[in-house]
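A.B. asks: Provided herewith is a single structure, encoded as structure tokens, for subsequent inquiry.
Since every read-out is calculated from the coordinates, none of them should be taken as a lab result. All figures in this text were calculated on a predicted structure; none of them were measured in a lab. Reconstructed Cβ throughout: ideal geometry from the backbone, glycine too, with neighbour counts over all protein chains shown.
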Amino acid sequence: MARPHIEPFCDRDVHFKNMRLPGFSRGMGYKMLSLDADSGACSMTVQLDGGYHQPPGFSWSEREMIIVEGELKVGDQTCRKGHYFFIPAGYCMPAISTQQGCLVMMMYNTGEPSHEPSGEHHPLAQVDLYHSIDSYMDIPWAMGNLVKPSVAAGCLIKLLNFNPISHAMTFLYCMTPCFKQDNISYHDCAEESYHLWGTSWMMQFGDIPTGGYFWRPAYINHGAFASEYGCIALGRTDSKLFNHFHYNPWTTPKENQERAGARLYQRDPLLYKWALSYDHNHPHGPEDFEKTMQLRGNEQGHDNEHKSDGKRHDHWHGHDHQEDGSPHHHHHADGSHHHHHHDD
Ligand SMILES: [Fe+2]
């Protein structure tokens with residue numbers, strides 16, 4: 001997810017635009033919070049006008065949604081504020097409507113917003129991943145020390161979604177009144193937050209009021225933190241959240257990244273050395289045999305097997321080949337091009 005750093009930003013400072021993409025019903029206004037210009041993935045504040053009605057259908061993108069204000073009818077169910085949905089790509093949602101209008105936060109994770117009218121799931125939709133819950137009423141607050149080293153006491157969370165492979169998380173968090181944390185923090189992951197209610201403060205970026213938002217790439221200093229009257233927010237990370245704490249307000253993202261690398265070297269020296277010296281760690285990383293080994297037969301003609309004999313591999317994912325029939329060209333972070341010869 002290559003979105004730029006957006007911070008500080010408050011959606012109350014901009015106006016709603018009319019959603020005009022094909023498939024979406026009239027009466028949908030949006031404020032773009034962050035956008036990946038490559039994939040179209042984005043987070044938006046969305047106002048659905050009273051009387052809005054969206055027929056059943058699915059999106060080509062995985063998405064998440066939380067009701068911020070008002071009520072939304074999803075099929076037969078009336079959902080209140082705080083209701084959260086995780087909707088896999090291709091998962092067919094029933095008709096949605098709102099009588100009085102409502103405010104929701106919509107996140108399209110893997111592609112641009114889309115709505116394909118349909119009465120059934122796409123055949124390749126991972127329907128088991130769908131879940132929905134009233135996060136305000138039906139989940140208790142848990143201590144924020146799920147992640148260690150931890151935020152200060154008084155920052156509580158409700159976990160809404162967890163990706164067991166990447167450790168990406170979606171969660172509600174709240175700061176209790178008079179919350180304070182005096183250190184500076186950065187992470188190895190991107191971090192996103194939308195303030196559903198209340199104001200928190202950070203040394204670098206000032207107050208985040210109701211409607212305040214940030215998309216913060218990895219290694220950017222943030223903190224100390226405080227909240228006078230408390231706040232509640234939706235938070236997300238795009239991979240494993242680790243709190244690198246320190247007290248030096250002058251460090252750059254590059255210095256923070258180098259320190260994170262040094263800490264990895266101190267903690268997992270063999271893994272660090274291997275990952276550094278192995279000459280095939282292109283952006284998609286080395287192979288995870290649990291993900292690529294054949295578990296079942298070739299179903300419905302869909303080739304879900306990733307073949308590799310260690311020398312030769314076929315890429316089912318998008319991959320830039322310079323010209324047809326040439327050996328692989330891998331783009332390395334330092335900009336150099338290595339030619340690998342595959343004897344096939
Ligand atoms: Fe953070």
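A.B. asks: In percent, how large is the relative contact order of the stretch 166-268, given Cα pairs closer than 8 Å and 6 or more residues apart? Intermediate results must be reported in sequence, preceding the final value.
C.D. replies: Working: 241 pairs, mean separation 41.1, N = 103.
Here the relative contact order equals 40 percent.
A.B. asks: For a paramagnetic label modelled at 7 Å from the Cα of Tyr247 toward its Cβ, which residues of the stretch 177-208 fall within the zone defined by backbone nitrogen distances under 13 Å?
C.D. replies: 182-184
A.B. asks: To make sure I understand, if each residue's beta carbon is the centre and we count other beta carbons within 10 Å, what order do Leu48, Leu160, Leu271 fall in, fewest to most? Numbers along the way, then the final one.
C.D. replies: Working: Leu48 26, Leu160 21, Leu271 11.
By the 10 Å Cβ count, ascending, the order reads Leu271, Leu160, Leu48.
A.B. asks: Based on the alpha-carbon set only, what is the convex hull volume of the stretch 142-267 divided per residue, in Å³?
C.D. replies: On the way: hull volume 12.4 nm³, N = 126.
Per residue, the Cα convex hull of the stretch 142-267 comes to 99 Å³.
A.B. asks: Further question on the same structure: Taking a cut-off of 18 Å, what percent of all Cα-Cα pairs in the stretch 15-137 are separated by more than that? Show your work: numbers first, answer last.
C.D. replies: Numbers: 3675 of 7503 pairs.
The share of Cα pairs beyond 18 Å in the stretch 15-137 comes to 49 percent.
A.B. asks: In Å, what Rg and Dmax follow from the Cα atoms of the stretch 147-205?
C.D. replies: 12.5, 36
A.B. asks: Give the long-range amide H neighbours of Ser114: residues separated by 5 or more places, or on another chain, with amide H under 5 Å away, using H modelled in the peptide plane at 1.01 Å from N.
C.D. replies: Amide H neighbours of Ser114: Trp60, Ser61.
A.B. asks: What is the mean projected area of the alpha carbon convex hull for the stretch 211-259, to one decimal in square nanometres? Don't jump to the answer; show the numbers that get you there.
C.D. replies: On the way: hull surface 18.2 nm².
Mean shadow area of the hull around the Cα atoms is 4.5 nm².
A.B. asks: Using a cut-off of 15 Å between beta-carbons, work out the net charge of the residues near Met93 (Lys and Arg +1, Asp and Glu -1, Met93 not included).
C.D. replies: Working: positive: Arg63, Lys73; negative: Glu62, Glu64, Asp76, Glu116, Glu120.
Once all neighbours under 15 Å are counted, the net charge is -3.
A.B. asks: Could you tell me the calculated FRET efficiency between Gln204 and Lys291, based on Cβ-Cβ distance and R0 = 35 angstrom, to the nearest 0.05?
C.D. replies: 0.40
A.B. asks: Binning every alpha carbon pair distance of the stretch 115-170 at 10 Å from zero, what are the percents per bin?
C.D. replies: That works out to 17, 36, 28, 13, 5, in percent per bin.
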